[in-house]
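Engineer: Before I ask anything, here is the structure I am working with.
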Amino acid sequence: MLDNLTSRLSGIVKNLRGQARLTESNIQDALREVRLALLEADVALPVVKELTNQVKQAALGQEVIGSLTPGQALIGVVNRELTKLMGEHNDALNLATVPPAIILMAGLQGAGKTTTSGKLAKLLREQNKKKVLLVSCDVYRPAAIEQLRTLAQQLEIDFFPSDTSQKPQDIALAAHDWARKHHHDVLIVDTAGRLAVDEAMMAEIKELHAALKPIETLFVVDAMTGQDAVNTAKAFGDALPLTGVILTKLDGDARGGAALSVRHITGKPIKFVGVSEKMNGLEAFHPDRMAQRILGMGDVLSLIEEAQRGVDIAEAQKLAKKVQSGKGFDLNDFKAQITQMRKMGGVSALMDKLPAQLSQAAAGSQVDDRQINRLEGIINSMTPWERSHPELIKASRKRRIAAGAGVQVMHVNQLLNQFEQTQKMMKMFSKGGMGKLMRSMAGKFPGMR
Amino acid sequence: MFSFLKKNPSNDNWLSRLKNGLSRTGSQLAELLGSGARIDEDLYEELETILITSDVGMDATQLLLADVRRQVKEHKLTEAGQLREALAHALLKLLRPLAQPLETGTHRPYIIMLCGVNGAGKTTSIGKLAKHFQNQGKSVLLAAGDTFRAAAREQLMEWGARNNVTVIAQQSGDAAAVIFDAVHAAQARGIDIVLADTAGRLTTQAHLMEEIKKVRRVIDKALPGAPHEVLLVLDANTGQNALSQVKAFDEALDVSGLVLTKLDGTAKGGVVAAIAKAHPIPVRFIGVGEGLEDLRPFVPEEFIAALLGLEA
């Protein structure tokens, strides 16, 4: 994610590094590059102008000019200004009201409102221990209600049924009533996608808002949105008292310039970002981390949080002990690691968060989710005895395992090699004692060399 | 000089809607160029700003501006108002190669496969396309190949029931299998056109891109030579990422045409110019509204007229 902007900006810094000092003339080139990079990342033009101005002001100050490493100093400035633009720190949802707290979702067609409603419900249940009710007021798109119902069913979240013959407002009020009577903490109201220029539809959602008085009104916007993000965000912001923004589809290769624009234009914080098709693919938005991500510093903090959420602590401690002792790390543990990694959204989700250089290196080693699945399949074809005694696996066992997993013997060999290397790495860690963090991180990447 | 704008067929209703959608650029331009101001560097810079804020992108913007400058020099243009025509010509030169209408008469059944990222408007476009072909007197069959998103199948089936179009769907399972069935059903029933839906996918998801390649291979197996058309559906709101979508899907599937949706909003779809510059693929249709009739063949003259606020 945001790779292109990242590599672009690091290119700028490389250029600057060659020069001992930052001067008025060479900063001009750097700023032009910054401007170009931001525009190509779909950051809205007015925002780009303001950002480059601020960066210029700051860069010409003593801090950068006087610095012996002007490139680093400039990146520092850009980083700070980016963070500032995206709103300094993370804003959580405000649910402090007489329950049910109502969350109203609004946005263009295809922004991802319905999917996000489901993800948000899951997140609120799991992280905030809330009892959530979902309702769809989309009576226009065929099967939109059906879509949310299916999602609710998959997630085992309560769903308030509605019908396309009803009025959105009636549906919402009935759902509110139901939520109150059944002691739901949160009611998430999904709405139909609408264009900001469609007056009738905008009037409808205004009425809906007036009737429900939601404590959170969230604007859902696609991270791939271009320059028009500014206009749409402004129009929705003018029509509705928005309280926050959710940026979706950030797992694509869109450079995500919309993130920079939307906050700036609406003045509303981005509260969540959608980072995967999976139903747990919704994360709190952290502007500082996002800026660091843009600048290629990686998002290690999110990764650690994710790890803490996805990892079974007891399991991890058991593993840590084994690793510390440097022996007894067997294929069962290897498989447990794979399972844990899967819980965290798979390899690709993890890669996104690594610093640019690291993720490039990792991409070079060609680890992808399918390979991980294959590894698991091979281990599943082993007997428990073989899993705890991998050294037993010789030619005929290999043939049997390969047949069982539907792969070539070559693949079984590869797995055993990878396992051996991981085992070696584990031993190294236990001897070197590289700190708890690194140890737990390394545990997350079986097969990564 | 700009006579091509006058001999357009009269499609006032939808053209005006397209123009309404695109009018922000138009009115900005009118303000800028209508004043009889002189041509100077500031004016070029303003022009650049307008193109960039329409998602035309840096490369295509530079190309267009270079062309405008050349015309100014060649024709000794002096007034700001003439710049608009110069820009229209530059745009036309860039976009005309993209105007190749879809010919569906070459095969029977003619198999059209749709692809695109999540939320681009694939399923909705299929409905509109079906209507479009029905209006031409052709029989249509839909394949509910989006087996991933909740209720995508229901969305298509509901639409099919409303409009009396057969939809081939399966309870669960594999997109390729559903479409395979649909192709055979179309052959058996003598259907003219098959529209195959697929699940939305982001181009970064390697396994999903592999899956859709398989769908294409399976269609070829069901009917050698098919699909006859692979349409990539693009949301007009998309910025420069549209380029990487075009590239990635083209690499995977050999995309033969584009559908540009949601042009009735404030988005201008200027990214078409960026695509024309970097990775030209014919634009077959544009979507200008929610109604079933609001999907139309791409006519660059009309598109440019609407974009620049010229009288058509």
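Engineer: Over all directions, what mean area does the Cα convex hull of segment A:101-297 project, stated in square nanometres?
Structural biologist: Approximately 10.5 nm², given one-decimal rounding.
Engineer: I've got another one for you. Could you sort out which of A:129/A:181; B:221/B:268; A:271/B:122; B:138/B:262; A:113/B:221 sit more than 30 Å apart by Cα distance in this structure?
Structural biologist: Pairs exceeding the cut-off: B:221/B:268; A:113/B:221.
Engineer: Residues of A:30-41, mean number of Cβ from any other protein chain within 10 Å of their own Cβ, rounded to a whole number?
Structural biologist: 2
Engineer: Compare the peptides A:114-120, A:403-409 by average per-residue count of other Cβ atoms within 10 angstrom and give them in order, highest first.
Structural biologist: A:114-120, A:403-409
Engineer: Now a separate question. Please state the relative contact order of segment A:375-417 as a whole percent: Cα pairs under 8 Å, 6+ residues apart?
Structural biologist: Reported relative contact order: 42 percent.
Engineer: In the structure displayed, which of A:119/A:234; A:167/A:213; A:119/A:167; A:278/A:398; A:268/B:128 lie more than 27 Å apart, Cα to Cα?
Structural biologist: In this structure, A:278/A:398; A:268/B:128 lie more than 27 Å apart at Cα.
Engineer: Mind checking the mean number of beta-carbon atoms from other chains within 10 Å of the Cβ atoms in B:114-125?
Structural biologist: Going residue by residue through B:114-125 and averaging, the value is 4.
Engineer: A further question on this structure: When only C-alpha pairs under 8 Å and at least 6 residues apart count, what is the relative contact order of chain B, in percent?
Structural biologist: Averaging sequence separation for qualifying contacts and normalising by length gives 29 percent for chain B.
Engineer: Could you check how many percent of all C-alpha pairs in chain B are farther apart than 27 Å?
Structural biologist: Percent of Cα pairs beyond 27 Å in chain B: 44.
Engineer: Could you work out the relative contact order of segment B:122-234, using alpha carbon pairs under 8 angstrom and six or more residues apart, expressed as a whole percent?
Structural biologist: 30
Engineer: By count of other Cβ within 10 Å, fewest leading, how are A:176, A:389 ordered?
Structural biologist: Sorted ascending by nearby Cβ count, the order is A:389, A:176.
Engineer: Output the peptides B:119-131, A:200-212, B:80-92 sorted from most to least packed, where packing is the average of other Cβ atoms within 10 Å over each peptide's residues.
Structural biologist: B:119-131, B:80-92, A:200-212
Engineer: To the nearest whole number, what is the average tally of beta carbon atoms from other chains within 10 Å of the beta carbons of peptide A:139-151?
Structural biologist: Counting other chains' Cβ atoms within 10 Å and averaging over A:139-151 gives 5.
Since every read-out is calculated from the coordinates, none of them should be taken as a lab result. Here the structure is a predicted model, which means the values were calculated and not measured. Because the Cβ atoms are built from the backbone with ideal geometry, glycine has one as well, and the counts that use them run over all protein chains shown.
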